[in-house]
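The values are calculated or read from the model by the stated rules, or taken from the named source; none is laboratory data. Predicted model, so just to flag it, every value in this text is computed and none were measured. For neighbour counting, all protein chains shown are included, and Cβ atoms are generated from backbone atoms with ideal geometry for every residue, glycine included. For the accessible areas, the whole protein counts, side chains as well, though only heavy atoms, and no ligand, DNA or RNA atoms are used. Shrake-Rupley method; radii C 1.70, N 1.55, O 1.52, S 1.80 Å.
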Amino acid sequence: MGMTMTQKILAAHAGLDKVVAGQLINAKLDIILGNDITTPVAINEFKKAGFDSVFDKDRIAIVLDHFVPNKDIKAAEQSKTCRNFACEHCVSHFYDVGKMGIEHALLPEQGVVTAGDCIIGADSHTCTYGALGAFSTGVGSTDMAAGMATGMAWFKVPSAIKFNLTGKLKSNCSGKDLILYIIGKIGVDGALYRSMEFVGDGVKNLSMDDRLCICNMAIEAGAKNGIFPVDEITLDYMKDRCERKPVIYEADIDAEYDETYDIDLSTLEPIVACPHLPENTKPAKDLSNIKIDQVVIGSCTNGRMEDMQAAYSILKGNKIADNVRCIIIPATMQIYKKCIENGYISAFIDAGAVVSTPTCGPCLGGYMGILAEGEKCIATTNRNFVGRMGHVKSEVYLASPYTAAASALTGYITMPKEI
């Protein structure tokens, strides 16, 4: 029996000719990632274990993004711990105020991750980089500490689910609608510790931003990782960008999959995940009676350039509804600058929105948009658990940038028109 794409990457990094699902391996790492919340914990474990040096200063990335610029004294202390460690060990990929962005948008943009990599990150949404044809997964801070010191991590090789995509998304849909549809179909534990592998003719109709969004939310289905094959779109994205030469892996024809789902992208409609689980999905058109108080467009899921363009296409020349707070957060400084150059920021402000420097901010209930009791928010973020964005009696609805922007104009959850 052949290997899946994920299994081939893991086998190569473990120095093995073949691996099978369930096998325990010790694999070499290409990148170890941490942020301002998880890295201080990893640093503490690093020191407790007696480590005094990192295995490779060029293979570690520390991104200050959750509470940066710092929101309070504790956040400032966490960032200081990261800064001191990065300076002491000459960490090449350290991103602070002025250079920072939301980590899972920033690393692909800066070419830190590439096809064929084996990546761990002390953040659950590290699975994002599968969009580039890499194996990437979230780990705990202790694993991050060990990875920084040794350049190795152990894994249980995952089995896989195949998603065979055909057709093309409608103009009012994006990759967010596809991944919400999938999570609604298989559930938040439907891919538990398995690889979600996306294949088929429909892949060529998904942009890199779509793919990054889809892989980002693989964890919301319980997956170990999400991954796309490397095609011309991938290669074009990586050209003159990536630090290392991409290594391309393809699944064997006889690779084994636990399940296969066939999805015609052209049949999808705008989807919304209702409180309090990403699997609680409904068509946006069926939720027009839901009044909202806040809109958030951003996050590691949907703060990329195409997401800003989607918001702009709907908000330009229009006004956000009275009593609706609309918060727009470009995911990196490069995206922020491009929005300025394209006139998006002025259009957002004229529409009545506020635009933030790159930060995770409200996604995890950190700052920049905390909800009060009874308030409802439609957001392009990735989780809508109880209390995720503030008060335990607030509600978060997950949607694409098209749906979120359309809802900002009406004050109710609104299905966006096809463009």
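Please give the helices (runs of 4 or more DSSP H) falling wholly within region 15-113 in which 2 or more residues are under 30 Å from residue 370 (Cα atoms) and touching a Pro at 6+ places or on another chain (Cβ under 9 Å). Walk me through how you get there before you give the answer.
Numbers: elements: 39-48, 73-88, 103-109.
In region 15-113, the matching helices (runs of 4 or more DSSP H) lie at 73-88, 103-109.
Inside region 170-184, can you point out the residues that are within 15 Å of residue 198 (Cα to Cα) and open to solvent by 10 Å² or more (accessible area, probe 1.4 Å)?
Listed by number, the list holds a single entry, 181.
Tell me, yes or no, whether region 180-195 has at least one residue that is at pLDDT 95 or above and assigned to a strand (DSSP E or B).
yes
To keep it simple, each residue is scored yes or no on (1) over 23 Å from residue 306 (Cα atoms); (2) open to solvent by less than 10 Å² (accessible area, probe 1.4 Å); (3) in contact (Cβ under 8 Å) with a residue 24 or more places away in the chain; (4) not in a loop (DSSP other than H, G, I, E, B).
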| site | (1), (2), (3), (4) |
| --- | --- |
| 368 | no, no, yes, no |
| 374 | yes, no, no, no |
| 377 | no, yes, yes, yes |
| 387 | yes, no, no, no |
| 393 | yes, no, no, no |
| 396 | no, yes, yes, yes |
| 405 | no, yes, yes, yes |
| 414 | no, no, yes, no |
| 418 | no, no, yes, no |
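Which residues, counting only those in region 337-355, are touching a helix residue (DSSP H, G or I) at 6+ places or on another chain (Cβ under 9 Å) and either in a loop (DSSP other than H, G, I, E, B) or open to solvent by 50 Å² or more (accessible area, probe 1.4 Å) (or both)?
Within region 337-355, the first condition is being touching a helix residue (DSSP H, G or I) at 6+ places or on another chain (Cβ under 9 Å), and the residues that meet it are 338-340, 342-348, 350-355.
Of everything in region 337-355, those that are touching a helix residue (DSSP H, G or I) at 6+ places or on another chain (Cβ under 9 Å) and either in a loop (DSSP other than H, G, I, E, B) or open to solvent by 50 Å² or more (accessible area, probe 1.4 Å) (or both) turn out to be 338, 340, 342, 343, 346, 350, 352, 353, 354.
Please determine, by comparing only the residues of region 136-160 that are part of a strand (DSSP E or B) and open to solvent by less than 10 Å² (accessible area, probe 1.4 Å), which one is nearest to residue 190 (Cα to Cα). Outline the logic, then answer.
We begin by selecting, within region 136-160, every residue part of a strand (DSSP E or B); these are 136-138, 152-156, 160.
Then keep just the ones that are open to solvent by less than 10 Å² (accessible area, probe 1.4 Å); that gives 136-137, 155, 160.
On the way: 136: 19, 137: 17, 155: 20, 160: 11 Å.
Among those that are part of a strand (DSSP E or B) and open to solvent by less than 10 Å² (accessible area, probe 1.4 Å), it is 160.
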